[in-house]
Amino acid sequence: MAITKKENVFKLDTKNTSYLLKITELGYVMHVYYGAKVEDMDLSEIYPYRGRAFSPNMADNPYSDDRYSLDTLPQEYVGSGCSDFRAASVTALDQSGYNSVDLRYTAYEILETKPSLEGLPSTYDEKGETQTLAIHLVDELRKMKVTLFYTVFAEKDLITRSAKVENIGEDSLYLEKAMSVCMDFPASSYDLIQFHGSWANERQEQRSKIAYGLQGFSSKRGTSSHQHNPFCIVCDHETTEKWGAAYAFGLVYSGNHLLQVEKTQTDEVRLTMGINPDDFGWKLEKNQAFDTPEVMMIFSNHGLNDLSQIYHTAVRKHICRGEWRDKQRPILVNNWEATYFDFDEDKIVDLATKAKSLGIEMIVLDDGWFGHRNDDTTSLGDWFTDYHKLPNGLEGLSHKIKEIDMKFGLWIEPEMISEDSELYRKHPDWVLSQEGRSRSKGRTQYVLDFTREEVIDGIWEQLDLVLKNNPIDYIKWDMNRHLTEVGSLMLAKDCKKETYHRQVLGVYQLMNRLVTSYPHILLENCSGGGGRFDLGMLCYSPQIWTSDDTDAIERLSIQYGSSYAYPLSCMGAHVSAVPNHQTGRITPIKTRGDVAMFGVFGYELDLARLTTEEQDIVKKQCAFYKENALLMQQGKFYRIQTPKDSSYAAWSVVSEDEKHIYLLYVTIKGRANGPQKVVKLPYANYNMKYREVESNRSYYGSTLCHAGVLIADVEQDYQSQLLHFVCE
Ligand code: DGJ
């Protein structure tokens, strides 16, 4: 049983973790414990009530002393304004104009099927392997009900949380803040690991000590953003990749978010995660409810690598879905960095023909095939073929691609509209905007108002036609600007603050139409690279374009950072031309291939410009990837050496059956006459003997573990080795 109840204590157990909460005498839901598995139901000795000066007590405090205060009580979901001075989980305004919230327990349920969330993607349970605890709380004065959901994926060491807020009164209730999760950690010394970035520099890890006061990260850009990924790790200060306690929290959401950690006056830490309350509001009429996005939580007592490995399995099996979830993805060539907007049918067919001869399986036609789009200033919203570029239409081109037995993929950016477009001339009011306020442009484009059903329908009709009439195997869904002057003309005055969230729901709705109407299509998300690399998007697309930075050396830290949360099967990674278009760096094609191989592999360059020798390398890369990709993507990923401030980077994958080990070593800064490069693989199986495929040299598992392997020919800048050890 994953969920047990004894008296007023609930216990959630996974294979290796336990989560305990307790209903207090006054009906507050107290957080008791989350961590490595424990047997006891009652841990109240370790977590007693504790009063503090200047921590007020509730009016109905059952004790004669001051020990019972919300300000010191570790809690699961916190109202506001009633003597807990830390971050609230929920605030709401009713007709009285007051917004304090005081939530008390009324009932619980244990559900055998996982409830879904209204309009939102969430984890799923296809094998009936979960139990869900629903705890009902009510604020009688505010006429508000909150249900806390805890779904336990026992075998996966995964617990998910979300909250439903309902108006149980007669009058309207205005939600001002509704977080997904609150977690109070006991007093200790913790670190926060977060993933910041910018365009072409996504998911750079930053580890900092959780200090007194508030810290965290957020997005107010309307998307999850390049700047702050909605994922974090809280770990003991001493935790390393191989050792120690660590917690991961990932929000299944693609819009504005907030993560806060708050170290209190007495060293506890409160974590809250959810939709950013800035610019958020939601009106609830009588009996209406609001679902918060879900948070995926994982704990490991064995360091950050183990934490990521558990997380990866959860993402691969309970977030990603559809026909392509477990399938080997085709090796693609994308024409963007090969031609940009300057292409025609012949160029694309030539690129596809060359790609086919090298072992590539799919060509993706990127931006510029529609309207009259020869640069990025026009035509978004006009999803019909540009016959100047493609005189035989998309149909003619796609059939030629099929004739050479290649798959065909297409780029779209459905959420956007250019001022210079037929769509804008017809529907200038379809833009997200606020009356009277001039509209900012980003990449010379506006954002469509996806809070409106007719706008979504209008875009879908066009896309549906394209997909119906062409043999399309893959879609790259791009999104190239953040949201400004956010408002919808159609929303009532007291609902304008709903726009940001409704916009995200609209995007999900359109994505859902695409994947349910065309389930065979492999969808790859993208937002100027990895600007919307989040668990919400992964519910629709099993892979996301990791970054517009295709430089192999820069990719090391981007992919390294991404690997904390996201498995290799989610990360689009391409070999591009040198000098690299973003950095000007010249790296060997071997290194570019070796790095991209640890992701969903492809090319993004004019293949005809490669030398014969380079083309031979490409052939070998494709052959290797076809044979090994699935083993790599479904294996355990180990971070070995961070590229940050280091002269080299290294990582490794061990296949599920431990019979294959893949090790990547890349020199970032070569050193003449430098030290020997030896890497230990402590996770090699002791009982196996391995052969390294390229050198044909044999190693006992114990040798790889303890003595390590010597890495040759990596003295110079940007040289790499991808070693493949196979059990003999
Ligand atoms: C941004 C994407 O990240 C690129 O890969 C490319 O598709 C361009 N947009 C096209 O405009």
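What does a probe at Tyr212 reach in region 260-302, counting residues whose amide N is under 13 Å from the point 7 Å along Cα→Cβ?
Within reach of a label on Tyr212, which here means backbone N under 13 Å from a point 7 Å along Cα→Cβ, region 260-302 contributes 263-268.
Residues of region 78-120 with backbone nitrogen within less than 13 Å of a virtual label 7 Å along the Cα-to-Cβ line of Asn61, please, listed as ranges.
83-84
Once amide H atoms are built 1.01 Å from N in the peptide plane, which residues 5 or more positions from Leu158, or in another chain, come under 5 Å H to H?
Here Phe153 satisfy the definition.
Quick one: which residues, 5 or more positions from Thr17 or on another chain, have an amide H under 5 Å from its amide H? H modelled 1.01 Å from N in the peptide plane, none for Pro or chain starts.
Here the answer is Lys37, since their amide H atoms fall under 5 Å of that of Thr17.
Looking at region 674-728, which chymotrypsin sites (Phe, Trp or Tyr not before Pro) are DSSP coil and have at most 12 other C-beta atoms within 10 Å of their C-beta?
For chymotrypsin sites (Phe, Trp or Tyr not before Pro) across region 674-728 that sit outside H, G, I, E and B with at most 12 neighbouring Cβ atoms in 10 Å, the list reads Tyr686.
Once you list every other residue whose beta carbon is under 11 Å from the beta carbon of Asp344, what net charge do they have if Lys and Arg are +1 and Asp and Glu are -1? Could the numbers behind the result be given before it?
Values: positive: Lys347, Lys389; negative: Asp342, Glu345, Asp346, Asp350, Asp386.
Summing Lys/Arg as +1 and Asp/Glu as -1 gives -3.
Cα centroids of region 29-77 and region 555-601: how far apart, whole angstrom?
Distance between centres, Cα-based: 48 Å.
At a Förster radius of 56 Å, what calculated FRET efficiency corresponds to the Cβ-Cβ distance of Glu613 and Glu435, to the nearest 0.05?
It comes out at approximately 0.35.
Once each part is reduced to its C-alpha centroid, what is the distance from region 237-309 to region 429-506 in angstrom?
Each part's Cα centre sits 28 Å from the other's.
Kirkwood hydrodynamic radius, region 525-647, all distinct C-alpha pairs: what's the number in Å?
14.9 Å
What FRET efficiency, computed as 1/(1 + (r/R0)^6) with R0 = 25 Å and r the Cβ-Cβ distance, is obtained for Glu453 and Tyr518, rounded to the nearest 0.05?
With R0 = 25 Å, the Cβ-Cβ based efficiency is 0.75.
Pairs of Cα atoms under 8 Å, at least six residues apart: use those to get the relative contact order of region 272-403, whole percent. Present the calculation step by step, with values, prior to reporting the outcome.
Details: 101 pairs, mean separation 21.9, N = 132.
For region 272-403, the relative contact order is 17 percent.
Farthest toward the dipole's positive end in the chain, which of Ile401, Gly599, Asn301, given Cβ charges of +1 (Lys, Arg) and -1 (Asp, Glu) about the Cα centre?
Asn301
Give the whole-number value, in cubic angstrom per residue, of the convex hull volume spanned by the C-alpha atoms of region 113-247. If you can, show how the numbers build up before the last one.
Working: hull volume 25.1 nm³, N = 135.
Each residue corresponds to 186 Å³ of Cα convex hull volume.
Can you give the charge dipole size of region 333-472 about its Cα centre, rounded to the nearest 20 debye, using +1 on the beta carbon of Lys and Arg and -1 on the beta carbon of Asp and Glu?
For region 333-472, the charge dipole is close to 180 debye.
Report ³J(HN,Hα) in whole Hz for each residue of region 426-437, in order, from the Karplus equation J = 6.51 cos²θ - 1.76 cosθ + 1.60 where θ = phi - 60°; Gly and Pro get x.
Couplings: 7, 10, x, 7, 7, 8, 4, 6, 10, 3, x, 9 Hz.
Can you tell me the Rg and the Dmax, both Å, for the Cα atoms in region 1-129?
Gyration radius and largest Cα-Cα distance of region 1-129: 17.1, 51 Å.
So if I average 1/r over every pair of distinct C-alpha atoms in region 561-603 and take the inverse, what Kirkwood radius in Å does that give?
It works out to 11.0 Å.
Read phi for every residue in region 173-188 and hand back ³J(HN,Hα) as whole Hz from Karplus 6.51 cos²θ - 1.76 cosθ + 1.60, θ = phi - 60°, with x for Gly and Pro.
10, 10, 6, 10, 7, 8, 7, 8, 9, 10, 9, 9, 8, x, 4, 5
Using each residue's phi in region 116-124, evaluate 6.51 cos²θ - 1.76 cosθ + 1.60 at θ = phi - 60° and report the 3J(HN,Hα) Karplus result to the nearest Hz, with x for Gly and Pro.
9, 10, 4, x, 10, x, 7, 5, 9
Taking amide H positions as placed in the peptide plane 1.01 Å from N, state which residues far from Gly274 in sequence (5 or more) or on other chains have amide H under 5 Å from it.
Counting only residues 5 or more places away or on other chains, the set is Ser180, Leu258.
If the convex hull of the alpha-carbon atoms of region 280-420 is projected onto planes in all directions, what is the mean projected area in square nanometres?
Over all viewing directions, region 280-420 projects a mean Cα-hull area of 14.6 nm².
Rounded to whole Å and sorted largest first, list the principal axis extents of the Cα atoms in region 70-163.
Sorted largest first, the three principal extents are 46, 29, 23 Å.
Between region 189-222 and region 709-728, how far is it from one alpha carbon centroid to the other, in angstrom?
Between the Cα centres of region 189-222 and region 709-728 lies a distance of 33 Å.
Limiting things to C-alpha atoms, what are the Rg and the maximum Cα-Cα separation (Dmax) for region 211-313, in angstroms?
When restricted to the Cα atoms of region 211-313, Rg and Dmax are 15.7, 52 Å.
Please sort through the DSSP H helices of the chain and keep those with an alpha-carbon extent of at least 18 Å along the long axis and a Kyte-Doolittle average not below -0.5.
345-358, 453-469, 499-517
Using the Cα atoms of region 649-728, I'd like the radius of gyration and the largest Cα-Cα distance, Dmax, both in angstrom.
Every Cα atom of region 649-728 included, Rg and Dmax give 12.6, 39 Å.
How high is the relative contact order of the chain? Use alpha-carbon pairs under 8 Å, at least six apart in sequence, and give a whole percent.
This gives 10 percent for the chain.
Classify region 522-577: rounded, prolate or oblate, from the alpha-carbon gyration tensor (a ≥ b ≥ c, eigenvalue square roots; a/c under 1.5 rounded; otherwise prolate if a/b is larger than b/c)?
prolate
Please compute the length gained on full extension between Gln509 and Glu627, using 0.36 nm multiplied by the number of residues separating them and subtracting their Cα-Cα distance.
Separation in residues times 0.36 nm, less the Cα-Cα distance, equals 38.8 nm.
Work out, in µm²/s and without decimals, the Stokes-Einstein translational diffusion coefficient of the chain at 10 °C, 1.306 mPa s, Rh from Kirkwood over C-alpha pairs.
Values: Rh = 27.0 Å.
It comes out at roughly 59 µm²/s.
Kirkwood hydrodynamic radius, region 429-501, all distinct C-alpha pairs: what's the number in Å?
By the Kirkwood definition, the hydrodynamic radius is 14.0 Å.
Per residue, how much accessible surface does the chain expose to a 1.4 Å probe? Answer in Å², no decimals.
With all protein chains present, the chain gives 37 Å² per residue.
Quick one: putting +1 on the C-beta of Lys and Arg, -1 on the C-beta of Asp and Glu, what dipole do you get for the chain around its Cα centre, in Debye to the nearest 20?
On the way: 79 positive and 104 negative charges, 251 e Å.
In total the dipole reaches around 1200 debye.
Tell me, what % of the accessible area of the chain is carbon and sulfur with a 1.4 angstrom probe?
Numbers: 13240 of 27180 Å².
Its accessible area is 49 percent carbon and sulfur atoms.
Percent of Cα-Cα pairs per 5 Å bin, from 0 to the last occupied bin, for region 596-718, please list those.
Final binned percentages: 2, 9, 16, 20, 21, 17, 10, 4, 1, 0.
Starting from the Cα gyration tensor of region 466-536, multiply each eigenvalue by 5, take the square root, and state the resulting semi-axes largest first in whole Å.
Working from the Cα gyration tensor, I get semi-axes of 28, 15, 10 Å.
The values are calculated or read from the model by the stated rules, or taken from the named source; none is laboratory data. Note that the structure is a prediction, hence the values are computed from the model and not measured. Don't worry about glycine lacking a Cβ; one is built from the backbone with ideal geometry, like all the others, and counts go over all protein chains shown. Remember, those area values only see protein heavy atoms, side chains included, never the ligands or the DNA or RNA. Shrake-Rupley method; radii C 1.70, N 1.55, O 1.52, S 1.80 Å.
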